[in-house]
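For reference, the structure is listed below as structure tokens.
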């Protein structure tokens with residue numbers, strides 16, 4: 001019986017340690033994105049200048065709404081695809097902002113374009 005209680009205590013202690021470690025891991029702040037997060041063949045957006053901050057990266061594809069994570073937050077971008085990418089200020093590819101050539105990037109978009117991107121599409125449309 002004594003051995004059984006020792007195992008229960010060790011199990012309870014181990015569970016408490018694991019719970020503390022797991023909670024600590026969940027509450028740690030996420031690392032900030034960097035230019036190296038943008039993989040070859042991807043179109044990438046950041047919410048801060050110099051390719052920092054909140055990040056969205058995706059292989060070349062049409063995205064009709066980038067979602068609340070990045071909507072109207074883009075300040076820098078990098079087109080690492082071999083295709084033109086056109087960005088829009090509204091969902092559903094409405095309100096053409098500008099087109100980005102293959103390999104094009106900008107560490108800080110012009111003020112009138114800052115925090116306006118909502119959708120983007122493969123191809124040069126404006």
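The values are calculated or read from the model by the stated rules, or taken from the named source; none is laboratory data. All of these numbers come straight from a predicted model, not from anything done at the bench. FYI the Cβ positions are ideal-geometry reconstructions off the backbone, even for glycines, and counts take in every protein chain you see.
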Scan (1) crowded, with 17+ Cβ neighbours inside 10 Å; (2) at pLDDT below 95 for the single condition residue 24 breaks and write down its number.
-> (1)
Within region 78-93, can you find the residues that are within 13 Å of residue 119 (Cα to Cα) and touching a strand residue (DSSP E or B) at 6+ places or on another chain (Cβ under 6 Å)?
-> 85, 86, 87, 88, 89, 91, 93
Tally, over region 94-115, of residues that are crowded, with 19+ Cβ neighbours inside 10 Å and not in a strand (DSSP E or B) = 1
Determine which single condition residue 72 fails, assuming it passes every other condition in (1) touching a strand residue (DSSP E or B) at 6+ places or on another chain (Cβ under 7 Å); (2) outside any strand (DSSP E or B); (3) without any contact (Cβ under 8 Å) to a residue 60 or more places away in the chain.
-> (1)
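Right, residue 86: assigned to a strand (DSSP E or B), touching a residue at least 12 places away in the same chain (Cβ under 8 Å), in the same structural domain as residue 48 (by TED's automatic domain parsing) and out of contact with any helix residue (DSSP H, G or I) (no Cβ under 9 Å at 6 or more places or on another chain) or not? Outline the logic, then answer.
On the way: assigned to a strand (DSSP E or B): yes; touching a residue at least 12 places away in the same chain (Cβ under 8 Å): yes; in the same structural domain as residue 48 (by TED's automatic domain parsing): yes; out of contact with any helix residue (DSSP H, G or I) (no Cβ under 9 Å at 6 or more places or on another chain): yes.
Here the answer is yes, as residue 86 does meet what is asked.
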Residue in region 116-126 that is farthest from the chain's Cα centre (by Cα), counting only those that are part of a loop (DSSP other than H, G, I, E, B) and within 19 Å of residue 69 (Cα to Cα) | 116
